[in-house]
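Q: Below: one structure in structure tokens.
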Amino acid sequence: MNKDQVEGKVKDVAGRVERQAGEWTGSAKTQADGAVKQAEGKVQKAWGDVKEAGKKAADQNEAEAEAERAREARIEAAKTEEEEARLRRKAG
């Protein structure tokens, strides 16, 4: 989890509490303030979710690229070994 996901969830919960307190006390302003805070929290958490998904995708892409580089290195090493073996047979 990243900072936006955590802070967004905290704002969402705080907004729910404030909105509920407004309902219990009959305060339309407290209800509205709580609803706004709750919405802000949901938006911030959603932004954090997007950032987290992007980070995971970038990490996965880098892992796949590293695996491809390792595979290419193994292929190149095998080609070199084959070439060396061919030259030894030719010279021998």
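Q: With θ set to phi - 60° and the Karplus curve 6.51 cos²θ - 1.76 cosθ + 1.60, what are the ³J(HN,Hα) couplings of the range 41-50 in order, to the nearest whole Hz, using x for Gly and Pro?
A: Calculated HN-Hα couplings, in order: x, 5, 5, 5, 5, 4, 4, x, 4, 5 Hz.
Q: Can you tell me, using C-alpha contacts under 8 Å and at least 6 residues apart, the relative contact order of the range 3-91 as a whole percent?
A: In percent, rounded to a whole number, it is 29.
Q: Which whole-Hz ³J(HN,Hα) couplings does the range 72-78 yield from phi under the Karplus relation 6.51 cos²θ - 1.76 cosθ + 1.60, θ = phi - 60°, glycine and proline marked x?
A: Whole-Hz 3J(HN,Hα) from phi for the range 72-78: 5, 5, 5, 4, 5, 5, 5.
Q: Of the listed values [x] 98, 13, 12; [y] 44, 34, 26; [z] 42, 30, 21, identify the label whose number matches Cα extents along the principal axes in Å calculated from this model.
A: Of the listed options [x] 98, 13, 12; [y] 44, 34, 26; [z] 42, 30, 21, [x] comes from this structure.
Q: Ok, one more. For the chain, set up a GNM with springs between Cα atoms under 10 Å and report which of 18, 64, 76 has the largest fluctuation.
A: 76
Q: Related question: Rounded to the nearest 0.05, what FRET efficiency is calculated for residue 83 and residue 52 with R0 set to 35 Å and r the Cβ-Cβ distance? Walk me through the numbers before you get to the answer.
A: On the way: r = 47 Å, r/R0 = 1.34.
That pair, residue 83 with residue 52, gives E of 0.15.
Q: If the only charges are +1 at each Lys and Arg Cβ and -1 at each Asp and Glu Cβ, what is the size of the charge dipole of the range 3-70 around the Cα centre, to the nearest 20 debye?
A: 400 debye
Q: Can you tell me which of 67, 77, 28 moves the most in a GNM of the chain? Springs connect C-alpha atoms under 10 Å apart.
A: Comparing 67, 77, 28 in the GNM, the peak value goes to 77.
Q: R0 = 35 Å: FRET efficiency of residue 70 with residue 9, Cβ-based, nearest 0.05? Numbers along the way, then the final one.
A: On the way: r = 39 Å, r/R0 = 1.11.
With R0 = 35 Å, the Cβ-Cβ based efficiency is 0.35.
Q: Turning to a different aspect of this structure: Using each residue's phi in the range 53-69, evaluate 6.51 cos²θ - 1.76 cosθ + 1.60 at θ = phi - 60° and report the 3J(HN,Hα) Karplus result to the nearest Hz, with x for Gly and Pro.
A: Listing the rounded values in order: 5, x, 5, 4, 5, 5, 4, 5, 4, 5, 4, 5, 5, 5, 4, 5, 4 Hz.
A short reminder: the numbers here are calculations on the coordinates, not readings from a lab. This is a predicted model, so every value here is computed, not measured. Quick reminder, even Gly has a Cβ in these numbers, built from the backbone with ideal geometry, and neighbours come from all protein chains shown.
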